[in-house]
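So the structure is just underneath, and the comments pick up after that.
The values are calculated or read from the model by the stated rules, or taken from the named source; none is laboratory data. Just so it is clear, the structure is predicted and the values come from calculations on it, not from any experiment. Glycine also receives a Cβ, built like all others from the backbone with ideal geometry; neighbour counts cover every protein chain displayed.
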Amino acid sequence: MNLHHLELFYYVCRHGGISRAVRHMPYGIQQPAMSSQILALEQDLGAKLFERQPFRLTAEGQELYEFARPFFDNADAVAERIRKKNAPKLRIGAAEIVLRDHLPAVLQQVRREFPDVRLTLRNGYQAELEAWLLAGECDFGITTMDEKPRAGLKHFSIVKLPLVLLVPKASPLKTAGELWARDSIDEPLICLPEGESIARCFHRGLKRLRVDWPTTIDASSIGLVTRYVANGYGIGVTADLADLVRHPELRTIHLPGFDPVEIAALWRPPLNPLQEALRAAVERRARQLWPARG
């Protein structure tokens with residue numbers, strides 16, 4: 001049986017006649033051509049498949065339509081599933097706040113060029129992102145960074161941010177110097193894990209000042225630092241970015257003399273066109289947010 005003829009017959013049955021089927025075909029075909037091919041199908045099968053005026057399937061036509069309908073009804077859905085499985089994919093790693101507050105605007109730009117892109121988002125910091133990139137488990141990373149990336153990785157600086165202390169608005173503390181002047185600091189320190197860039201920068205600054213202030217609460221994200229300070233568990237340390245410290249009950253105290261923390265994009269070359277579109281979108285976003293910083 002000619003499968004093209006079977007497809008034409010399916011459309012005739014679905015739309016109730018040859019003239020209507022012609023108007024709904026996904027590709028162009030003239031009515032005489034369709035009529036002649038349907039006739040060829042009937043001749044091949046040795047059976048009349050439907051009455052023309054008014055349209056009505058014969059018993060043989062009904063049997064053939066019931067056979068053909070499941071295949072043609074589901075063909076588009078199967079094709080769409082396969083297309084989605086093979087759509088371009090981006091695997092992005094970043095700090096939680098970047099994934100939540102900044103990446104959506106970047107991805108809007110990428111989707112204009114690659115509307116079917118699929119995304120995998122992972123929360124992590126520099127050491128984790130570098131390991132994922134080098135292992136081929138991630139395509140692009142955005143992270144705080146205070147040391148040169150490992151060999152084989154490229155990066156560009158998005159912005160450099162000063163470190164700040166995060167305290168409740170009601171705290172009597174006005175300057176960091178008041179803490180350094182004490183014999184000992186009694187307030188608990190809430191900080192990111194020891195290997196993370198913000199924590200390393202902060203503890204290097206303490207070491208230069210010869211101040212001993214060990215971390216009391218090791219928080220896995222900047223959001224947790226903010227939340228625990230707001231709930232009265234101690235003093236937090238973070239980078240001076242409004243999105244990072246946004247809370248109505250908190251304020252920041254500057255840390256003069258402490259190294260800034262750098263936020264950078266990381267990738268393993270070469271970049272494919274989709275990954276290059278993401279890199280360019282990140283750069284545009286950085287210029288929009290911090291035109292005078294770098």
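So the check is Cβ under 7 Å with 6+ separation or different chains; which pairs have a first residue in region 201-220 that's within 24 Å of LYS160 (Cα to Cα) and a second one that's among the aromatic types (Phe, Trp, Tyr) and outside any helix (DSSP H, G or I)?
CYS201/PHE258; PHE202/PHE258; GLY205/PHE258; LEU206/TRP213
Report yes if GLY195 is in a loop (DSSP other than H, G, I, E, B), at positive phi, exposed (fewer than 15 other Cβ atoms within 10 Å of the Cβ) and touching a residue at least 12 places away in the same chain (Cβ under 8 Å), otherwise no. Don't jump to the end; show me each part of the working.
Details: in a loop (DSSP other than H, G, I, E, B): yes; at positive phi: no; exposed (fewer than 15 other Cβ atoms within 10 Å of the Cβ): yes; touching a residue at least 12 places away in the same chain (Cβ under 8 Å): yes.
So GLY195 does not fit the description; no.
Being part of a helix (DSSP H, G or I) and modelled with pLDDT of 95 or more, is that true of even one residue in region 155-171?
First, the residues of region 155-171 that are part of a helix (DSSP H, G or I): none.
Checked against the condition, which is being part of a helix (DSSP H, G or I) and modelled with pLDDT of 95 or more, region 155-171 yields no hits at all.
Do you know which residues across region 2-31 are surrounded by fewer than 10 Cβ atoms within 10 Å (Cβ to Cβ) and in a loop (DSSP other than H, G, I, E, B)?
Selection gives PRO26, TYR27, GLY28, GLN30.
Is it the case, given these coordinates, that LYS148 is over 24 Å from the mean Cα position of the chain (by Cα) and basic (Lys, Arg)? Explain how you work it out, then say what you get.
On the way: over 24 Å from the mean Cα position of the chain (by Cα): yes; basic (Lys, Arg): yes.
Answer is yes for this residue.
In the list LEU166, LEU173, LEU129, LEU161, which residue meets the criterion of being surrounded by fewer than 19 Cβ atoms within 10 Å (Cβ to Cβ) and aliphatic (A, V, I, L, M)? Walk me through how you get there before you give the answer.
Details: LEU166 fails: surrounded by fewer than 19 Cβ atoms within 10 Å (Cβ to Cβ); LEU129 fails: surrounded by fewer than 19 Cβ atoms within 10 Å (Cβ to Cβ); LEU161 fails: surrounded by fewer than 19 Cβ atoms within 10 Å (Cβ to Cβ).
Result: LEU173 is the single residue among LEU166, LEU173, LEU129, LEU161 that is surrounded by fewer than 19 Cβ atoms within 10 Å (Cβ to Cβ) and aliphatic (A, V, I, L, M).
Of the residues in region 200-227, how many are in a loop (DSSP other than H, G, I, E, B) and farther than 22 Å from HIS247 by Cα? Let's see the steps before the verdict.
Initially, region 200-227 is screened for residues in a loop (DSSP other than H, G, I, E, B), giving 210-214, 219-221.
With farther than 22 Å from HIS247 by Cα added as a condition, the list becomes 210-214.
Residues meeting the conditions: 5.
Of GLU147, GLU113, which residue is of a type in the set (Asp, Glu), outside the structural domain of THR252 (by TED's automatic domain parsing), over 26 Å from ALA219 (Cβ atoms) and out of contact with any strand residue (DSSP E or B) (no Cβ under 7 Å at 6 or more places or on another chain)?
Just one listed residue meets the conditions, GLU113.
Under the condition of being under 24 Å from the mean Cα position of the chain (by Cα) and at pLDDT below 85, which residue from region 224-249 is surrounded by the most Cβ atoms within 10 Å (Cβ to Cβ)?
Looking at the filtered set, the residue picked out is LEU244.
How about region 261-294: which of its residues are buried (at least 16 other Cβ atoms within 10 Å of the Cβ) and not in a helix (DSSP H, G or I)?
Those that are buried (at least 16 other Cβ atoms within 10 Å of the Cβ) and not in a helix (DSSP H, G or I): VAL261, GLU262, ILE263, ALA264, ALA265, LEU266, TRP267, ARG268, LEU271.
Pull up region 140-158, narrow it to residues that are surrounded by 14 or more Cβ atoms within 10 Å (Cβ to Cβ) and among the hydrophobic types (A, V, I, L, M, F, W, C), then point me to the one that is nearest to ALA265 (Cα to Cα). Working first, answer last.
Taking region 140-158 first, the residues surrounded by 14 or more Cβ atoms within 10 Å (Cβ to Cβ) are 140-146, 149-150, 153-155, 158.
Remaining after also requiring among the hydrophobic types (A, V, I, L, M, F, W, C): 140, 142, 145, 153, 158.
Working: PHE140: 7, ILE142: 4, MET145: 9, LEU153: 10, ILE158: 7 Å.
The extreme case among them is ILE142.
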